[in-house]
Amino acid sequence: MIQLAFIGTGTCNATRRKPQSLVFSINGELICVDFGGGAYHAIASLNNLDFNYGNISTVILTHYHVDHISGLPDLLWGEMWDYTGHRTEPLTFVGPKGLKNFYEDRLLPFMGDYPLPFKVELVELHDGDIYEGNGFKLQSNTLAHGDFSSGYLFDFGLKKIAITGDTGYCDALQRLLSVADIAVIEWGIASEDTYPLHVSSKDIISLLNADIWPEQMYAVHVYPLPDIDFETQLQTMSAIVTSHNKSIEFPSDGDIITIIP
C-alpha cells in the first residue's frame, strides 16, 4: 500500500498550519519530501502504524529555504537519542544542487560536538536525473524558485505523482504536471498578480486554460491574506478551479490519502 500524509501544508507565516512537509508510506517505509519545523514530532502525532517515525529512510528536499528544512535538526537529534535506542540504519538525503554544502555547513553545526551514530548518504540530483528508491523512481525537474529548486515526479508504476515544492510559473512546471496522475502543487499567492517565485491564481488560470490539470490536484503552501478568514480564502480559490469544471483540494495538516491500495 502507498499512502501520502500531509504533515505540514503551511508557509513560513505563523499560522495553525505547520511549514511544508509531506511523507509517503510505501509498505510502511517512510519517504519524506521536505521537512519543515515540527515535522518529526508531527509524524509521531499521526498515531498511525503505517507512519512509524522509526521507519524514515529518505528525506527528499525541493530546496533549502528555512521553512522547508527547519525540522531536520529535530530528525537527526531525535534519531540519536530515541528512547528505543539510537538509529543504526543509514539515512538518505536527496536534493538539488548545493546539498553537500547545505548538509555540512548549515545542518551538521546544529549537532554541536555530537557525532552522528549512523551514516547519512547524500544524493544530489540535477535536472532530469533519476533516483531509484524502494518501490519508486524519482525524476528531478528544475523549477523557478531560485538557483537550487527542484520539483519531482514520483513513478510508482500504477501512478505518477508530481510534487512541485515552491515555484513560479514556467515551462518546466507545465511539463511536470502534464505527465502526472496526481499533483501536490504550491499555490502560494491567492491574488491574480504575477509573482516570479510562487504560483499565483493567475498562473492557476493559465494551467486551467491550457488543460494542464492532473486528475487529482492538491494545493498547499498558501499564504494567508489579511482581512479575510483563511477558510473563506480557500473557498474563493477553489471556486476559480470549479468554474473551469475541474477540481482541487486544500488538505489540512494530518490528512492522509491512499495512492495505491
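The values are calculated or read from the model by the stated rules, or taken from the named source; none is laboratory data. On a predicted model such as this, the values are computed, not experimentally measured, just so you know. FYI the Cβ positions are ideal-geometry reconstructions off the backbone, even for glycines, and counts take in every protein chain you see.
May I ask you to list the residues in the range 23-69 that are among the polar types (S, T, N, Q) and either closer than 26 Å to D127 by Cβ or in contact with a helix residue (DSSP H, G or I) (Cβ under 6 Å, 6 or more places away or on another chain) (or both)? I'd like the intermediate steps shown before the answer.
Kept after step one, since they are among the polar types (S, T, N, Q), are these residues of the range 23-69: 25, 27, 45, 47-48, 52, 55, 57-58, 62.
Hits for the range 23-69 are S25, S57, T58, T62.
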Check your understanding: What residue, among those in the range 91-136 that are touching a Pro at 6+ places or on another chain (Cβ under 8 Å) and farther than 21 Å from H65 by Cα, is surrounded by the most Cβ atoms within 10 Å (Cβ to Cβ)?
Key -> F118
Exercise for review: Being of a type in the set (A, V, I, L, M, F, W, C) and surrounded by fewer than 21 Cβ atoms within 10 Å (Cβ to Cβ) is the filter here, so list the residues in the range 154-176 that pass it.
Suggested key: F156, L158, C170, A172
Revision key, fill the gap. Subset of the range 189-240, residues within 18 Å of A162 (Cβ to Cβ) and not in a loop (DSSP other than H, G, I, E, B), comes to D203, I204, S206, L207, L208, Q216, M217, Y218, A219, V220
Check your understanding: Cβ-Cβ below 6 Å, separation at least six or inter-chain, first residue in the range 217-234 and at positive phi and at pLDDT 95 or above, second surrounded by 11 or more Cβ atoms within 10 Å (Cβ to Cβ) and assigned to a strand (DSSP E or B): which pairs?
Key -> H221/E186
Check your understanding: Within the range 203-261, which residues are acidic (D, E) and either in contact with a helix residue (DSSP H, G or I) (Cβ under 6 Å, 6 or more places away or on another chain) or over 26 Å from N48 (Cα atoms) (or both)?
Key -> D203, D211, E215, D227, D229, E231
Practice item. Pairs only if they're at least six apart or on different chains, beta carbon under 9 angstrom, first in the range 48-75 and over 18 Å from G95 (Cβ atoms) and touching a residue at least 24 places away in the same chain (Cβ under 8 Å), second part of a loop (DSSP other than H, G, I, E, B) and among the hydroxyl-bearing types (S, T, Y); list them, first residue then second. Key: G54/T84
Exercise for review: Would you check which residues across the range 178-187 are more than 16 Å from T62 (Cα to Cα) and outside any strand (DSSP E or B) and list them?
Suggested key: S178, V179, A180, D181
Check your understanding: Scanning the range 104-155 for residues that are among the acidic types (D, E) and more than 20 Å from I185 (Cα to Cα), which turns out farthest from the chain's Cα centre (by Cα)?
Key -> D113
Check your understanding: Exactly one of (1) loosely packed, with under 15 Cβ neighbours inside 10 Å; (2) out of contact with any His (no Cβ under 7 Å at 6 or more places or on another chain); (3) more than 21 Å from G37 (Cβ to Cβ) is unmet by D82. Its number?
Key -> (3)
Exercise for review: Just one of (1) outside any strand (DSSP E or B); (2) within 20 Å of F35 (Cβ to Cβ) trips up L138, so point out which.
Suggested key: (1)
Practice item. Hey, can you tell me all the residues within the range 166-199 that are of a type in the set (D, E) and modelled with pLDDT of 95 or more? Key: D166, D171, D181, E186
Check your understanding: Tally time: how many residues in the range 93-130 are of a type in the set (G, A, S) and free of Cβ contacts under 8 Å to residues at least 40 places away in the same chain?
Key -> 2
Check your understanding: Quick one: is I182 in contact with a Gly (Cβ under 7 Å, 6 or more places away or on another chain) and not basic (K, R)?
Key -> no
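Somewhere in the range 182-199, is a residue of a type in the set (G, A, S), more than 15 Å from the chain's Cα centre (by Cα) and surrounded by fewer than 15 Cβ atoms within 10 Å (Cβ to Cβ)?
Step one: list which residues in the range 182-199 are of a type in the set (G, A, S), which gives 183, 188, 190-191.
From what is left, the residues that are more than 15 Å from the chain's Cα centre (by Cα) are 190-191.
Those left that are additionally surrounded by fewer than 15 Cβ atoms within 10 Å (Cβ to Cβ): 191.
Yes, because at least one residue in the range 182-199 is of a type in the set (G, A, S), more than 15 Å from the chain's Cα centre (by Cα) and surrounded by fewer than 15 Cβ atoms within 10 Å (Cβ to Cβ).
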